[in-house]
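All remarks here apply to the structure that follows.
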Amino acid sequence: MLQLPETLRRTKVLCSLEESYEQCRRITADYAKTFYLGTLLMTEEKRRGIWAIYVWCRRTDELVDGPQAKFTTPETLDRWEAELEALFEGDATDVTDVALIDTIRRFNLDIQPFRDMIAGQRMDLYRSRYETFEELKLYCYRVAGTVGLMSASVMGLQPFSDELQAPWIDPFEPEMRDPIQQAIALGIANQLTNILRDVGEDARRERIYLPLEDLALFNYTEADLFRGVIDHRWRSLMKFQIARARKFFAQAESGVRALEKDARWPVWSALVLYRQILDVIEKNNYDVFTKRAYVPGMQKMMTLPYAWMKSL
């Protein structure tokens, strides 16, 4: 008689493993088209694991940003965290949990990044402003940098050896040598890009994710932002923010080669495609109030050969 792994024996019989992974695939394809394109370049085992992680992250994010967010309370997140603990014990409550439990077992995932992401959602419950970039960076780590940690085992992240170090990396800066920190940097870079792309949308919800100290630095006010004022102050502020995001992308680049070879192309593709959103913001003359920055489909396809060359 076939013996199932312990984690799967303890899972409620909600659906088959294949059905669960297929549900995760469909959700990823529907809600994250660019990201989904990158996952198709992975091996089947890796992409299925990434789909399962993505769906849990999306469900977590929707607790504070989804249609029912107005009903979310600290107690809601307490219950969600309790369900997370149960997941890592092998107990499923949703069809997509079945795939995630299998991914946890298959890749030996750590629970802490998942807990940290929930902590980021708690920040969104009571904060709509960030005074400094250090405060914002913590938020970005929790809601996006954690994804790099969740995915590290799936993507086969390996430490660098000294002889593989790029000559421009300062050996006295440990964070620049640590591929885990570089994986986190990619998540932070993506979240900073989201913030810049979504300034107008967030303003309509009375949220400002740009650090208030940066607004003050360029003599740009909250009232200006809510009115969608685009002038020399705004353009200078946005150039400053875009340069910061690009620094995090640059840090993340040096960590891609620490991945297993079959994971480098999709990660390079995702990195390059997401960074191009910053280029589109510039082409739109920094109008993120009435124009949504996105990378056209043909440009996405043209990016793939370039990303493949970078992955060799």
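Data table
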| quantity | calculated |
| --- | --- |
| Rounded if a/c under 1.5, otherwise prolate or oblate - region 46-168, Cα gyration tensor axes | oblate |
| Dipole magnitude (debye, nearest 20) for the chain, charges at Cβ of Lys, Arg, Asp, Glu | 1000 |
| Spacing of the two label points (7 Å from each Cα toward its C-beta) at E282 and K33, in nm | 2.5 |
| Label zone at D178 (point 7 Å along Cα-to-Cβ), backbone N below 20 Å, region 88-117 | 109-117 |
| Simple label model, 7 Å out from Cα along Cβ direction - K247 to Y294, nm | 3.2 |
| Angle between the chain longest axis and helix 95-107 axis [Cα atoms, degrees, rounded to 10] | 80 |
| Estimated inter-spin distance, T93 and E260, nm [label 7 Å along Cα→Cβ] | 3.2 |
| Nearest 10 degrees, 0 to 90: helix 297-311 Cα axis against the chain principal axis | 70 |
| Nearest-ten-degree value, helix 146-155 long axis tilted from longest Cα axis of the chain | 50 |
| Peptides ranked, highest mean first, by Cβ atoms within 10 Å: ranges 112-120, 270-278 | 270-278, 112-120 |
| Rg/Rg_ref, region 224-312, where Rg_ref = 2.2 N^0.38 Å and atoms are Cα | 1.28 |
| Accessible surface of the chain, 1.4 Å probe, proportion on carbon and sulfur as whole % | 54 |
| Accessible area per residue, Å², region 28-132 with all protein chains present, probe 1.4 Å | 45 |
| Per residue Cα convex hull volume in Å³ - calculated over the chain | 147 |
| When each of K33/K247; K33/K239; K261/K310; K33/K283 is checked by Cα-Cα distance, pairs over 18 Å | K33/K247; K33/K239; K33/K283 |
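The values are calculated or read from the model by the stated rules, or taken from the named source; none is laboratory data. Being a predicted model, the structure only gives us computed values, none of them experimental. Glycine gets a Cβ as well: all are built from the backbone with ideal geometry, and neighbour counts include every protein chain shown. For the accessible areas, the whole protein counts, side chains as well, though only heavy atoms, and no ligand, DNA or RNA atoms are used. Shrake-Rupley method; radii C 1.70, N 1.55, O 1.52, S 1.80 Å.
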